[in-house]
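Chemist: What follows is a single structure, and I will ask about it in a moment.
The values are calculated or read from the model by the stated rules, or taken from the named source; none is laboratory data. What you see is a predicted model, and the numbers here were worked out from it, not measured in a lab. As a convention, Cβ positions derive from the backbone with ideal geometry for all residues, glycine included, and neighbour counts pool all protein chains shown.
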């Protein structure tokens, strides 16, 4: 494998509703910051990969507006995924592995606030025969998953409240967080249910933000800075869709992706210093920690998605936040996880290290 | 939702034994399967907010005032019409807006001859890219007051503004373009 | 001038899609219209609703078998009723294990708006819609079995 590293990361503050900027307007300052931090000019970028989703934007081919933030002329090599931008990161990493170039820029833009009611929009991601016609509430399938976990004795409402308290407290140190604060467990348990057993704070607040990661290969990566977050292993896997034929209390796709990523990396998920997990709901943390084999690892030091969920940028933010802690020397090894689909259907695991492969 | 016309829609009572499976259809005693439906309705309705962004809002507000506002990149001197907020080449914020008179030449065009649901204009009609004088980009608009067969690339055109009381934050504040006076008089 | 607030405006998208269904799903929907419930044979057992492809092997699922329209609540979450929901008062979304099947069926359960009546393991049965058209909502919801 080629040595490929994250060399820069930038993000915009997650806002509950940005009514000021178009796609390019949110994104462009973030791209300038990410490139500027490592002295890379737009023309030095060999490949652009991005992730966003038309159903959040409310227009077909909406992402082409975001290309104004990198320019489509002279023609650039670029690609877009209609999903979380963590999968654009996976594509850019593969592209660099193929030796097509040395520097790739990955951006994610997620605007959850444009849809007036996400209950109208999110059924569009569900099976059109057996799920979408019922128009489940946006949090209903997550509520079923959390209920199944509590029934199976894998967590409790109090455990979930403690995760919320820890996450929002960690987010007080994150200037990009949409929500943060020092709450008490009882205060969290007093909040109303959104979809039992999930309460208000168990559900990530949806917002608008952009994130940018710069990837570079080999000597280009070493030239751009003193430290690199080397992507040592990456894999993504999917469970079947219909919730009635899944065991909602386990994430087999996460387990398999982590095992494959560990095989590539030479170290496993249990050996990282910090993990940034794409937890759109508090119950996802014990579920993912179990699938990944995390025990004493620091989880979501940024506050994680419970402090702000800019829809299709959320997974890429996890990769950026994990890499940032390697770049600034606070972690030696880090794990980032991203998800797509209802009840953690599709999962990506990325293992990074301050040291390149031997 | 459609149902095959041949299907006799006999209603049956639900099976009375909750825990017993019936034999599969291939067995002689199996119940007859209904004729499969082939399609289902799958409608979506979604309400959104469109956010024009700071750059586009400058342009749209200008249209409401009957002014066509362009902006120049301080780094590469490219002039945008309509202007975004940032130069997509240099990533620089564009300079303050200035007004153009909107006259220009057709850089390319097509004749729309087919009808479609929601169509506003009666076909055939001309949609063109117009290179407005003083701008480095092209503006898309209708070209009318001319037989579509007479439209040419390079033709000089000018904007026809809506009446002052009809103007709003929209490209419809320009009703259409038409051949500029001298050429087509 | 560039600091002014952005313009914004509401708009609505509608997609009046008509979607083709597979042979098993089409038979399943036709069955609902006749108040009959079908599942499909798969490696793990009968799955209801019937998938076209086996979730474990990816092969086409096997024969359709008729099932009694009743089962047991496996998991549930309480929801506030919105306009257009299957039940006009607060209700549960649930995974219902249909008798004789492996896996469960996602649908609504009506317990009169009282979440304290919901229990994992409770017996429920299908409440059929009066005006059935051949889609999933021919099942209005599940209700407590007497």
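Chemist: Filter region C:19-37 for residues that are in contact with a helix residue (DSSP H, G or I) (Cβ under 8 Å, 6 or more places away or on another chain) and more than 7 Å from every other protein chain (Cβ to nearest Cβ); which is nearest to residue B:42 (Cα to Cα)?
Modeler: C:32
Chemist: Follow-up. Go through A:10, A:34, A:5, A:49 for me and flag whichever is touching a residue at least 12 places away in the same chain (Cβ under 8 Å) and surrounded by fewer than 23 Cβ atoms within 10 Å (Cβ to Cβ).
Modeler: Just one listed residue meets the conditions, A:10.
This table checks each residue for (1) in contact (Cβ under 8 Å) with a residue 24 or more places away in the chain; (2) over 19 Å from the mean Cα position of the chain (by Cα); (3) under 30 Å from residue C:42 (Cα atoms); (4) part of a helix (DSSP H, G or I).
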| site | (1), (2), (3), (4) |
| --- | --- |
| A:248 | yes, yes, yes, no |
| A:253 | yes, no, yes, yes |
| A:257 | yes, no, yes, yes |
| A:264 | yes, yes, no, yes |
| A:270 | yes, yes, no, yes |
| A:275 | yes, no, no, no |
| A:288 | yes, no, yes, yes |
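Chemist: Could you list all residues from region A:305-349 that are within 25 Å of residue A:126 (Cα to Cα) and in a loop (DSSP other than H, G, I, E, B)?
Modeler: Answer for region A:305-349, where residues must be within 25 Å of residue A:126 (Cα to Cα) and in a loop (DSSP other than H, G, I, E, B): A:308, A:310, A:341, A:342, A:343, A:344, A:345.
Chemist: Looking at region B:143-166, can you tell me whether even one residue there is buried (at least 17 other Cβ atoms within 10 Å of the Cβ), part of a loop (DSSP other than H, G, I, E, B) and in contact (Cβ under 8 Å) with a residue 60 or more places away in the chain?
Modeler: No, every residue in region B:143-166 fails to be buried (at least 17 other Cβ atoms within 10 Å of the Cβ), part of a loop (DSSP other than H, G, I, E, B) and in contact (Cβ under 8 Å) with a residue 60 or more places away in the chain.
Conditions (1) under 30 Å from residue B:94 (Cα atoms); (2) crowded, with 23+ Cβ neighbours inside 10 Å; (3) more than 7 Å from every other protein chain (Cβ to nearest Cβ), marked per residue:
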residue: C:9; (1), (2), (3): yes, no, no
residue: C:17; (1), (2), (3): no, no, no
residue: C:39; (1), (2), (3): no, yes, yes
residue: C:42; (1), (2), (3): no, yes, yes
residue: C:53; (1), (2), (3): no, no, yes
residue: C:59; (1), (2), (3): no, no, yes
residue: C:63; (1), (2), (3): no, no, no
residue: C:75; (1), (2), (3): no, yes, no
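Chemist: Let me ask something additional. Taking the condition touching a residue at least 40 places away in the same chain (Cβ under 8 Å) and part of a loop (DSSP other than H, G, I, E, B), does residue A:99 pass? Lay out the reasoning, then the answer.
Modeler: Values: touching a residue at least 40 places away in the same chain (Cβ under 8 Å): yes; part of a loop (DSSP other than H, G, I, E, B): yes.
Here the answer is yes, as residue A:99 does meet what is asked.
Chemist: Moving on. Please go through (1) within 14 Å of chain B (Cβ to nearest Cβ); (2) outside any helix (DSSP H, G or I); (3) in contact with a strand residue (DSSP E or B) (Cβ under 8 Å, 6 or more places away or on another chain) for residue A:60 and return the number of the only condition it doesn't satisfy.
Modeler: It fails just one condition, (3).
Chemist: Here are A:261, A:275, A:284, A:291: which of them is over 25 Å from residue A:205 (Cα atoms) and either crowded, with 18+ Cβ neighbours inside 10 Å or at pLDDT below 95 (or both)?
Modeler: Values: A:275 fails: over 25 Å from residue A:205 (Cα atoms); A:284 fails: over 25 Å from residue A:205 (Cα atoms); A:291 fails: over 25 Å from residue A:205 (Cα atoms).
Only one candidate passes the filter, namely A:261.
Chemist: Which of the residues that make up region C:102-117 are part of a loop (DSSP other than H, G, I, E, B) and at the interface with chain A (Cβ under 9 Å from one of its Cβ atoms)?
Modeler: C:102, C:103, C:104 - these are the residues of region C:102-117 that are part of a loop (DSSP other than H, G, I, E, B) and at the interface with chain A (Cβ under 9 Å from one of its Cβ atoms).
Residue-by-condition table, conditions (1) within 13 Å of another protein chain (Cβ to nearest Cβ); (2) under 30 Å from residue C:32 (Cβ atoms); (3) surrounded by 23 or more Cβ atoms within 10 Å (Cβ to Cβ):
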site	(1), (2), (3)
A:80	no, no, no
A:92	no, no, yes
A:97	no, no, no
A:103	no, no, no
A:110	no, no, yes
A:143	yes, yes, yes
A:166	no, no, no
A:176	no, no, no
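Chemist: What strands (runs of 3 or more DSSP E) completely inside region C:1-88 contain at least 2 residues that are farther than 30 Å from residue A:199 by Cα and touching a strand residue (DSSP E or B) at 6+ places or on another chain (Cβ under 9 Å)?
Modeler: Because the criterion is at least 2 residues that are farther than 30 Å from residue A:199 by Cα and touching a strand residue (DSSP E or B) at 6+ places or on another chain (Cβ under 9 Å), the strands (runs of 3 or more DSSP E) in region C:1-88 that meet it are C:8-20, C:37-42, C:45-47, C:64-67.
Chemist: Another question, then. Would you mind stating whether residue A:124 is assigned to a helix (DSSP H, G or I) and surrounded by fewer than 22 Cβ atoms within 10 Å (Cβ to Cβ)?
Modeler: yes
Chemist: Any residue at all in region A:127-144 that is within 20 Å of the chain's Cα centre (by Cα) and either in a strand (DSSP E or B) or modelled with pLDDT under 95 (or both)? Quick ask: steps written out before the conclusion?
Modeler: Quick first cut of region A:127-144, residues within 20 Å of the chain's Cα centre (by Cα) only: A:138-139, A:141-142.
From what's left, either in a strand (DSSP E or B) or modelled with pLDDT under 95 (or both): none.
Checking region A:127-144: not a single residue is within 20 Å of the chain's Cα centre (by Cα) and either in a strand (DSSP E or B) or modelled with pLDDT under 95 (or both).
Chemist: Just wondering, is there one or more residues in region B:84-98 that are within 19 Å of the chain's Cα centre (by Cα), facing another protein chain (nearest Cβ under 10 Å) and modelled with pLDDT under 95?
Modeler: In the first step, residues of region B:84-98 are kept if they are within 19 Å of the chain's Cα centre (by Cα); the result is B:84.
With facing another protein chain (nearest Cβ under 10 Å) added as a condition, the list becomes B:84.
Those still in the list that are modelled with pLDDT under 95 too: B:84.
Yes, region B:84-98 has at least one match.
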